[in-house]
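First the structure, in the form of structure tokens, and then the observations on it.
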Amino acid sequence: MHSQDKAVLLAILEAAVDAIIVIDSRGTIQTVNPATSTLFGFSKEEMLGKNVNMLMPSPFREQHDGYLSNYLKTGEAKIIGVGREVVGKRKDGSTFPMHLAVSEMTLGDQTLFAGIVRDITDLKHVQNQLAQANEQLEQRVQERTSELRTAQADLLKSERLATLGQVSGGIAHEIRNPLNAVRTSVYYLRNVQNPSPEKVAEHLERIDRQVSLIDNVITALSDIARMPEPAMVSCDVNELLRKIVSSISMPRNIQVELDLPETGLQAGIDPNQVSIVFRNLLRNARDAMPDGGMIRLTGQADSDDVVVHVSDTGVGIQPDDLARVVEPLFSTKARGMGLGLAISVAILKKNHGRLEVESEVGKGTTFSVHLKPYSTEQTP
């Protein structure tokens, strides 16, 4: 090997982020790189010539020489050629999980083994956090499933939303996007190697945010099934709309424009319930524009009315269908239960609001949500 090649290999060894340890067939450490000293706390001089089991806690320490001897006699590999998770031991006696990959090499008539060690403490921490998040999610899903079953039983007696199938369709319509976001974050946390703490926190926060969104949706749907009183508060509709728009996935060929006044859109509503209305309208607008287009949200307010218009440049609604689009089980879509607008009308009625629609075939549709300004004297 040329001296230049040797210099390059030595530079790579010295600069490597992962710990690299070379041992002989007896387990004696021949050389280590600086990352090994950083990881285990021993100086290079303290490790050279020592058995590599000094870097292992019991029972790995006692088992290692047996593994190595058995491999040299039988060729049966337990670690060599196969990466696996093991436990390392630092100079101060502390232990940590690590990933170890060992390769065999021949140098002249001598057999050597090179081990590459990576500290996976952060990855194990992420896995534990993910397991806890999954347990909490499962518990919350079970709790909500029980409530949903009760709500479905009540709904069978309701004349407002006729069948159990309608509720199931409405729930699937409302929670599919949050579940997809949870699934994406879980996939990232399970598969990414050595994610940064910032990325871990970001995805855990996203999971928690989306689970809360599902929780709110199911609560609102259950409330509508039982027809209780909404929890009226003073809500900044402008801020509510911006949050909703940012949570809904839109194709690249669809542009969303918000033309809302900075102040004045203060309505007395239950934001969890009314959010369902706006998400329904935005998804319907998106679906009405298969070839792309524009969704525009505008708003105005006076002493008697807070109005938000959701307009699209889509296919429009036939005049004969216009009066029926808010009826349960009526849908202009090829797929769907036709429940979203019926739920929206029921929600707005409970929140002292109403829904109006105007449409022109081939040019688009505008849904107008009318809400009442907040008043401490509001009663259902």
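The values are calculated or read from the model by the stated rules, or taken from the named source; none is laboratory data. Here the structure is a predicted model, which is why all the values come from computation and not from measurement. Cβ placement follows ideal geometry from the backbone for every residue including glycine, while neighbour counts extend to all protein chains displayed. Accessible surface areas use protein heavy atoms only, side chains included; no ligands, DNA or RNA. Shrake-Rupley method; radii C 1.70, N 1.55, O 1.52, S 1.80 Å.
Listed here are the residues, each with its yes/no results for (1) surrounded by fewer than 18 Cβ atoms within 10 Å (Cβ to Cβ); (2) among the charged types (D, E, K, R); (3) at pLDDT below 70.
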site: 150; (1), (2), (3): yes, no, no
site: 163; (1), (2), (3): yes, no, yes
site: 192; (1), (2), (3): yes, no, no
site: 201; (1), (2), (3): yes, no, no
site: 211; (1), (2), (3): no, no, no
site: 225; (1), (2), (3): no, no, yes
site: 232; (1), (2), (3): no, no, no
site: 235; (1), (2), (3): no, no, no
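Is it the case, given these coordinates, that residue 316 is more than 16 Å from residue 371 (Cβ to Cβ) and in a loop (DSSP other than H, G, I, E, B)?
yes
For residue 47, are the conditions met, namely being at pLDDT 85 or above, touching a strand residue (DSSP E or B) at 6+ places or on another chain (Cβ under 6 Å), open to solvent by less than 60 Å² (accessible area, probe 1.4 Å) and over 20 Å from residue 124 (Cβ atoms)?
Considered against the rule, which asks whether it is at pLDDT 85 or above, touching a strand residue (DSSP E or B) at 6+ places or on another chain (Cβ under 6 Å), open to solvent by less than 60 Å² (accessible area, probe 1.4 Å) and over 20 Å from residue 124 (Cβ atoms), residue 47 comes out as yes.
Collect the residues in segment 95-125 that are among the polar types (S, T, N, Q), in a strand (DSSP E or B) and either touching a residue at least 24 places away in the same chain (Cβ under 8 Å) or in contact with a His (Cβ under 8 Å, 6 or more places away or on another chain) (or both), keeping them in residue-number order.
Residues satisfying the conditions are 95, 110, 111.
Of the residues that make up segment 334-349, is at least one at pLDDT 85 or above and out of contact with any helix residue (DSSP H, G or I) (no Cβ under 9 Å at 6 or more places or on another chain)?
Yes; the residues of segment 334-349 include at least one that is at pLDDT 85 or above and out of contact with any helix residue (DSSP H, G or I) (no Cβ under 9 Å at 6 or more places or on another chain).
From the set of residues in segment 297-308 that are surrounded by fewer than 18 Cβ atoms within 10 Å (Cβ to Cβ) and in contact (Cβ under 8 Å) with a residue 24 or more places away in the chain, which is nearest to residue 257 (Cα to Cα)?
Among residues in segment 297-308 that are surrounded by fewer than 18 Cβ atoms within 10 Å (Cβ to Cβ) and in contact (Cβ under 8 Å) with a residue 24 or more places away in the chain, the one nearest to residue 257 (Cα to Cα) is 298.
Specify which of the listed residues (361, 326, 315, 369) is modelled with pLDDT of 75 or more and open to solvent by less than 60 Å² (accessible area, probe 1.4 Å).
Result of the check over 361, 326, 315, 369: 369.
Which residue pairs have Cβ atoms closer than 7 Å, lie 6 or more positions apart in sequence or on different chains, and pair a first residue in segment 36-47 that is part of a helix (DSSP H, G or I) with a second residue that is basic (Lys, Arg) and open to solvent by 30 Å² or more (accessible area, probe 1.4 Å)?
Here the result reads 37/44; 40/90; 40/91, each pair linking segment 36-47 to a residue that is basic (Lys, Arg) and open to solvent by 30 Å² or more (accessible area, probe 1.4 Å).
Among the residues of segment 245-279 satisfying the criterion of being touching a residue at least 60 places away in the same chain (Cβ under 8 Å) and part of a helix (DSSP H, G or I), which is most open to solvent (accessible area, probe 1.4 Å)?
The extreme case among them is 247.
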